[in-house]
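Reading through the structure tokens given below for one structure.
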Amino acid sequence: MFRQIQERNHHLFNLPPGVYTSVPLGSSELKTASMCPEDQTCPVNGTICSGTSCLVPPDPFNEILSVVMSTTLTIMLALVMFSMGCTVEAKKLWMHVCRPWGIFIGFLCQFGIMPFTAFVLALVFNVLPVQAVVIIIMGCCPGGSSSNVFCYWLDGDMDLSISMTACSSILALGMMPLCLLIYTTVWTSGDAIQIPYDSIGIALVSLLVPVAFGMYVKYKWPKAAKKILKVGSVVGILLIMIIAVIGGVLYQSSWTIAPSLWIIGTIYPFIGFGLGFLLARFVGQPWYRCRTIALETGMQNAQLASTITQLSFSAAELEVMFAFPLIYSIFQLVVVAIAIGIYYSLKRWKYGTSEEEHDDGTPIEDQNKQSYSLENGGFQSGESKGKGTKL
């Protein structure tokens, strides 16, 4: 039994020869490594000692904080998903389901390109097994609700964006565990890592309930749905901040990670956006739908990834994997900001003050944006006054 523990810990955390453990590093009884000088012995409460590093029992305060964080993340994420459901109109969703070409392309990107890209990046950069798992979890997550907001600013197909987000959230119930089973086999073939499929499944099922309830609110009380949508947008931002702050306190060593993980978190969003756009264009989708599919491919639900990771893995494992969803969420916003800047620069260079128009003289992109603003209580730019006009 002791030898099995040694093999598991060395494989899981790449421990150097000469480091000995008395319990599995993945268990909840351990916390994090603290450095000690070579000429000193480790503290008496150390459970791992190589002369340079020790593992000590967790602080009771951190255990309480971890429970509070898990509860808070679950509640706030449910509210975010509820607000996302408030954007979905059943008739328009059914229309896209009946003509599913756009949704099908998005499905291929979301659960085909993204998980496979995560798998390749984890292999190429030779990251730790637990880090490879969290990278693939990030790649298997459905699209985030923030993609709908950015789709609005990129003059995309709003109905398709909302439908893709809703469908990917529903399909994630089956596709996320399946993709994890397929792509994590390289690292989970032994006993080093056990993927908690039951915890992941429960988390995904519990998130479908607020989405369905949000759709019902949108159908029954559309005015209330608009207000809930605005609240949900704020909660989504607060959720990322809470994850970053409390996670930084709980898992301080998670930010001291190999440069390879930072590199993956930086280039992964660029790859997702780029491949999504190219695939959509390759199959002949119009430009505004290409932008939409690219957004839905690259914009992952980082809040969901962080929540699943927090609820499913032990403290010792979270020390080396918790930071990645936050890294990805930062750089996916960077990619979107670059895309918006490039889009409006090209738009101004190509059209100047005029744009492609419908028969009634209304610019195509502006008409789509106006329709979405009217439906969701947003703002539209008033050209005559040069300021935002509430619709």
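Laboratory data are not the source of any read-out in this text; all were calculated from the coordinates shown. Because the structure is predicted, anything quoted here is derived from the model rather than measured. All Cβ positions, glycine included, derive from the backbone under ideal geometry; neighbour counts span all protein chains shown.
Given 20 °C and 1.002 mPa s, how large is the Stokes-Einstein diffusion coefficient of segment 110-161 in µm²/s, with Rh as the Kirkwood radius over Cα pairs?
On the way: Rh = 12.4 Å.
My calculation gives 173 µm²/s for D.
Which entries of 92/218; 91/223; 91/220; 226/350 have Cα-Cα distances beyond 23 Å here? Could the numbers behind the result be given before it?
On the way: 92/218 12 Å; 91/223 17 Å; 91/220 13 Å; 226/350 35 Å.
In this structure, 226/350 exceed 23 Å between Cα atoms.
Here each label is just a point 7 Å from Cα along the line to Cβ, and for residue 74 and residue 234 those points are 2.6 nm apart. Across every direction, the projection of the convex hull enclosing the Cα atoms of segment 60-348 has a mean area of 14.9 nm². Lys/Arg Cβ at +1, Asp/Glu Cβ at -1, dipole of segment 60-348 taken about the Cα centre: which of 186, 340, 235 is farthest positive-ward? Result: 340, furthest along the dipole toward the positive end.
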